[in-house]
Every structure is written in structure tokens, then in C-alpha cells.
Amino acid sequence: RAKAEGRGSFRFFDDSLTAGARHRIEMETRLRRAIEADELELHYQPQVDVTSGRMIGAEALVRWRDGDRGLVPPDAFIPVAEQTGMIAALGDWVLREACRQGREWHDAGLPVPRLAVNVSARQLQDESLVDRVRAVLDETGYPPDRLELELTESALMHQQERSVRVLRALRRLGLHLAIDDFGTGYSSLAYLRQFPIDVLKIDKRFVDDLADNNDDREIAGAILAMGHALRLSVLAEGVETEAQLAFLRANGCDSYQGYLFSPPLPPAGFARLLAD
Ligand code: C2E
Ligand code: MG
Ligand code: MG
Ligand code: MG
């Protein structure tokens, strides 16, 4: 009996240990099939100039159109893709699709703004990133200066020297570079200025309470001052209210994106917006 219990509890322990690994393997397989079956799609969220109110860019955000689950948001599969290494194939797909789509809209006569694509830490660590980007630009005929890559602060912190090298090479291709979710990492002014960056994106969490939280106003104000001291353009993420926009305008923020102007739109909806 003791033996049976022992075996039972051992098996239980063993099962729980492998549950995470099993989930990752299963997700990896499903993701791989999703890419092959063309189940990923990009939605596009406008980026707007604070002063003129005009669209100056759009961020491409990936979604997974899954038969059983409907439209799956990236937070549900990007982390797994990063853990399993699937992010390389997924990242390539996203980059190629954004450029292909941008080229298609351009050829249809639509005024395509600069398209921004998210790049994960793992992609940045891969020495072949620059070649991959160059290949996609060649293949799609998409103009490099109409493409922006968004990198997170923590991704750059990871391997600073290599990051600087890769970023310089991407810049030489003609790309724009942005730091995403800014304020959530620990970048100092001295650290930031070594990177050839064009845009700082203030993380949504500092934008949320701008209307009534004095600390967040101070932080957003400090990021704006710091960004401008480095001659960077500053964009605020997740702007939902006129009050937030009013604060940003009064403090010289260059651009914003958020539900106030538009949520991320599927390609057809975004194309209609461009056509107007
Ligand atoms: P992110 O790059 O910071 O993207 C901004 C997120 O904020 C998006 O969520 C967007 O839909 C959401 N958002 C924009 N405006 C508002 C607003 O006014 N209110 C609220 N509540 N949310 C707003 P989404 O699309 O779910 O993406 C989540 C994250 O997944 C992204 O954060 C990015 O880190 C990652 N991600 C998305 N697409 C890709 C991709 O193609 N590659 C990689 N590596 N990561 C991606
Ligand atoms: Mg982003
Ligand atoms: Mg962000
Ligand atoms: Mg984010």
C-alpha cells in the first residue's frame, strides 16, 4: 500500500513537472501549423501626430485566427514563441507580411504611413536579423525608410554592445528604430544615447492615469524632456481620453496611439481609413 501511494504521488509529481513543458511543445506544434496554414494576421493601429491630428504611422500587431478559439491575442502566444524559438519564424512572417501588405496598399494608390513592427529580444540576439530584414525588403520592394522596428528597453539592455552593432546596421539600411514600452526598464540617459534610436514610446501604464495622478504626470514629463534632450521623437501609447491627450499636447508630446483615435484594425478596415 505504501508502495502504491509512493508510486501514485511520484506520478503526480512527475505529471505536474512536465505539464509546462508539454504545454510548450503542444503550443509550438500548433504555432508552426498556424504559420503554415496562414492563420496569423496583422492588425494595424494608427499613430497620430499630436499637433496636426494626422496619421504618421501604424503599428502592425499580430493575431492568431484559430478555428477553436477565435482571434487569439499576442500575449497568449508570443511568450511561448519566445521560449521555444518559434519567434524566429513568427518574426520573419510578421516582417514579410507587413512589408508585403504595405507594398500592396502603396501599389493600390493608398497613402501608406510608416509601418512599425515589433521585434522581440530573441530576434535581436540573432546575428542574422540584419540579413533577414534586408532580404524581406529586397523581396517585397518595400522602402526601408517606411519601416520602423520597435525594440523593448530590456532587449537592448541584454547585450548592449551587440545591440548597438545590430541597431547601427539596421539604421544603415535606412530603417527607423523605436524603443517600445519605455519607462518599464532601467535605461539611463547615458545608456540611451549610445543607441541610434528615432522614437521613444511611453508605456501605456504611465499614460493611464495622466489625468489625475501627479506621479505619472511627473514621469511622463520627465520621459518627454529626456527624449527631447536626445532629439528623439516621443510617442505616447494607449491614449484613451481627451484629458490624456490634452496633457500630452501641453507637454510637447510628438505623437500618440490609442483607442481615442482607433484600436488596431484588420487590414480591410485600415485600408478604408487610409482611403478616406
Ligand atoms: P505593444 O507593442 O506595446 O503594443 C501595444 C498594445 O497596446 C497592443 O496590444 C494594442 O492593441 C494595445 N493598445 C493600443 N492602444 C490601446 C488603448 O488605448 N487601450 C488599451 N487598453 N490597449 C491599447 P496587443 O495587440 O494585444 O499586443 C500586445 C503585445 O504583444 C505588444 O505590445 C507586443 O509586445 C506584442 N506583440 C504584438 N505583435 C507582435 C509581433 O508581431 N511580434 C512581437 N515580437 N511581439 C508582438
Ligand atoms: Mg509595440
Ligand atoms: Mg508598447
Ligand atoms: Mg506592451
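The values are calculated or read from the model by the stated rules, or taken from the named source; none is laboratory data. Because the structure is predicted, anything quoted here is derived from the model rather than measured. Glycine gets a Cβ as well: all are built from the backbone with ideal geometry, and neighbour counts include every protein chain shown.
Below are the figures for this structure:
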| read-out | value |
| --- | --- |
| Qualifying residue in the range 112-119 (condition: surrounded by fewer than 16 Cβ atoms within 10 Å (Cβ to Cβ), at pLDDT 95 or above and not in a strand (DSSP E or B)) | no |
| Whichever residue in the range 149-207 is within 16 Å of ligand 2 (Cβ to nearest atom) and on the phi > 0 side of the Ramachandran plot and, among such residues, is surrounded by the most Cβ atoms within 10 Å (Cβ to Cβ) | Gly183 |
| Close pairs from the range 208-236: first touching a residue at least 40 places away in the same chain (Cβ under 8 Å) and closer than 24 Å to Ala116 by Cβ, partner buried (at least 16 other Cβ atoms within 10 Å of the Cβ) and of a type in the set (S, T, N, Q), Cβ under 7 Å, at least 6 apart | Leu235/Gln47; Leu235/Ser255; Leu235/Gln257 |
| Selection within the range 177-208 - more than 16 Å from ligand 4 (Cβ to nearest atom) and either assigned to a strand (DSSP E or B) or modelled with pLDDT of 90 or more (or both) | Leu177, Phe195, Pro196, Ile197, Asp198 |
| Neighbours by Cβ (under 7 Å, 6+ apart or cross-chain): first from the range 137-153, under 29 Å from Leu192 (Cα atoms) and touching a residue at least 60 places away in the same chain (Cβ under 8 Å); second more than 14 Å from ligand 2 (Cβ to nearest atom) and assigned to a loop (DSSP other than H, G, I, E, B) | Glu148/Leu175 |
| Selection within the range 66-90 - over 23 Å from Val133 (Cβ atoms), in a loop (DSSP other than H, G, I, E, B) and touching a strand residue (DSSP E or B) at 6+ places or on another chain (Cβ under 9 Å) | Pro73 |
